[in-house]
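S.K.: Pasting a structure here, questions to come.
The values are calculated or read from the model by the stated rules, or taken from the named source; none is laboratory data. Here the structure is a predicted model, which is why all the values come from computation and not from measurement. When we count neighbours, we look across all protein chains shown, and the Cβ atoms used for this are built from the backbone with ideal geometry, even at glycine. In case anyone asks, the SASA skips ligands and DNA or RNA and just uses the protein heavy atoms, side chains included. Shrake-Rupley method; radii C 1.70, N 1.55, O 1.52, S 1.80 Å.
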Amino acid sequence: SQQGEEDPQALSIQEGENATMNCSYKTSINNLQWYRQNSGRGLVHLILIRSNEREKHSGRLRVTLDTSKKSSSLLITASRAADTASYFCAARVLGGTDKLIFGTGTRLQVFP
Amino acid sequence: GAGVSQSPSNKVTEKGKDVELRCDPISGHTALYWYRQSLGQGLEFLIYFQGNSAPDKSGLPSDRFSAERTGGSVSTLTIQRTQQEDSAVYLCASSPTTGSAGELFFGEGSRLTVL
């Protein structure tokens, strides 16, 4: 499969808790991106981390990248009901055409 | 336009018919992607148009699928002799750069149902 793998496939938490989603990929990358998808709608870019970076923050989001393990994680702190959505990682493949390959996604449900 | 526009938003067709899906990217964006998303699944890469370079067609699942991008702007994804397994949401995305730094801006997708 050309897709990366994400786990868990689904995650349910209470408002105020933290949510952690993990992503593994198969190839060497230039960068890794995270996107959010509300049900039945298009995806929205959240954050990008370059291959030479190990951690990046944006508001309540924290992304880590371990290129030796070909893995990344997305942490959402102090979650809100409005964070309910599917989250996808996307790996910018190094070399070739630099295409962007998406993972399988994590469905996050935040209960008020 | 303000964002990536896709049409039709919904298409129901009979098995064996041809369909065309259209994508209008954000003005000035040089890169354009097509992805396919089956119900509850991740995004499957189909094709990547990268400015004036030859498109990366490595994700097209069969020769029934083709895509073109005219004048570096509008793109059309064509599926010939549709099959039931082609039913999915087809997502288009554009990016301001063909370089590796670009984030993608997605349209709302075209939902295809093949009966």
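S.K.: Every residue in region B:25-60 that is surrounded by fewer than 13 Cβ atoms within 10 Å (Cβ to Cβ) and free of Cβ contacts under 8 Å to residues at least 24 places away in the same chain, please.
M.R.: B:GLY40, B:ASN52, B:ALA54
S.K.: Considering A:LYS56, A:LYS26, A:LYS70, which residue is on the phi > 0 side of the Ramachandran plot and open to solvent by 40 Å² or more (accessible area, probe 1.4 Å)?
M.R.: A:LYS70
S.K.: Looking only at residues in region A:11-41 that are modelled with pLDDT under 95 and either more than 16 Å from the chain's Cα centre (by Cα) or not in a strand (DSSP E or B) (or both), which one is farthest from A:VAL63 (Cα to Cα)?
M.R.: A:GLY40
S.K.: Shifting gears a bit: Taking the condition without any contact (Cβ under 8 Å) to a residue 60 or more places away in the chain and open to solvent by 50 Å² or more (accessible area, probe 1.4 Å), does A:ARG80 pass? Steps first, answer last, please.
M.R.: Numbers: without any contact (Cβ under 8 Å) to a residue 60 or more places away in the chain: no; open to solvent by 50 Å² or more (accessible area, probe 1.4 Å): yes.
It is false that A:ARG80 is without any contact (Cβ under 8 Å) to a residue 60 or more places away in the chain and open to solvent by 50 Å² or more (accessible area, probe 1.4 Å).
S.K.: Can you tell me which residues in region B:6-24 are within 13 Å of another protein chain (Cβ to nearest Cβ) and crowded, with 16+ Cβ neighbours inside 10 Å?
M.R.: Listed by number, the residues that qualify are B:GLN6, B:CYS23.
S.K.: Also, I was wondering about something else. Against the conditions (1) under 30 Å from B:SER9 (Cα atoms); (2) out of contact with any Leu (no Cβ under 7 Å at 6 or more places or on another chain); (3) of a type in the set (Ser, Thr, Tyr); (4) buried (at least 16 other Cβ atoms within 10 Å of the Cβ), where does A:SER39 fall short? Just the number, please.
M.R.: Evaluating A:SER39 over (1) under 30 Å from B:SER9 (Cα atoms); (2) out of contact with any Leu (no Cβ under 7 Å at 6 or more places or on another chain); (3) of a type in the set (Ser, Thr, Tyr); (4) buried (at least 16 other Cβ atoms within 10 Å of the Cβ) leaves (4) as the failure.
S.K.: For the list (1) within 10 Å of chain B (Cβ to nearest Cβ); (2) touching a residue at least 24 places away in the same chain (Cβ under 8 Å), I need the number of the one condition that A:HIS45 fails.
M.R.: Unmet for A:HIS45, out of (1) within 10 Å of chain B (Cβ to nearest Cβ); (2) touching a residue at least 24 places away in the same chain (Cβ under 8 Å): (2).
S.K.: Moving on. Of the conditions (1) open to solvent by less than 50 Å² (accessible area, probe 1.4 Å); (2) without any contact (Cβ under 8 Å) to a residue 60 or more places away in the chain; (3) within 14 Å of another protein chain (Cβ to nearest Cβ), B:CYS92 fails just one. Which one is it?
M.R.: For B:CYS92, the exception is condition (2).
S.K.: Just for region A:42-53: of the residues that are assigned to a strand (DSSP E or B) and more than 21 Å from B:PRO25 (Cβ to Cβ), which one is most open to solvent (accessible area, probe 1.4 Å)?
M.R.: Just the residues of region A:42-53 that are assigned to a strand (DSSP E or B), to begin with: A:43-50.
Cutting the leftovers down to more than 21 Å from B:PRO25 (Cβ to Cβ) gives us A:47, A:49-50.
Numbers: A:ILE47: 10, A:ILE49: 1, A:ARG50: 108 Å².
The residue in question is A:ARG50.
S.K.: Further, regarding this structure: Could you please give the count of residues in region B:62-86 that are without any contact (Cβ under 8 Å) to a residue 24 or more places away in the chain and assigned to a loop (DSSP other than H, G, I, E, B)?
M.R.: The total comes to 3.
S.K.: Condition test on A:GLU5, is it of a type in the set (Asp, Glu), in contact (Cβ under 8 Å) with a residue 40 or more places away in the chain and either within 14 Å of chain B (Cβ to nearest Cβ) or open to solvent by less than 30 Å² (accessible area, probe 1.4 Å) (or both)?
M.R.: Spelling it out, A:GLU5 is indeed of a type in the set (Asp, Glu), in contact (Cβ under 8 Å) with a residue 40 or more places away in the chain and either within 14 Å of chain B (Cβ to nearest Cβ) or open to solvent by less than 30 Å² (accessible area, probe 1.4 Å) (or both).
S.K.: Further, regarding this structure: Only one of these is aromatic (Phe, Trp, Tyr) and open to solvent by 30 Å² or more (accessible area, probe 1.4 Å): A:PHE102, A:PHE88, A:PHE111. Name it.
M.R.: Among A:PHE102, A:PHE88, A:PHE111, only A:PHE111 is aromatic (Phe, Trp, Tyr) and open to solvent by 30 Å² or more (accessible area, probe 1.4 Å).
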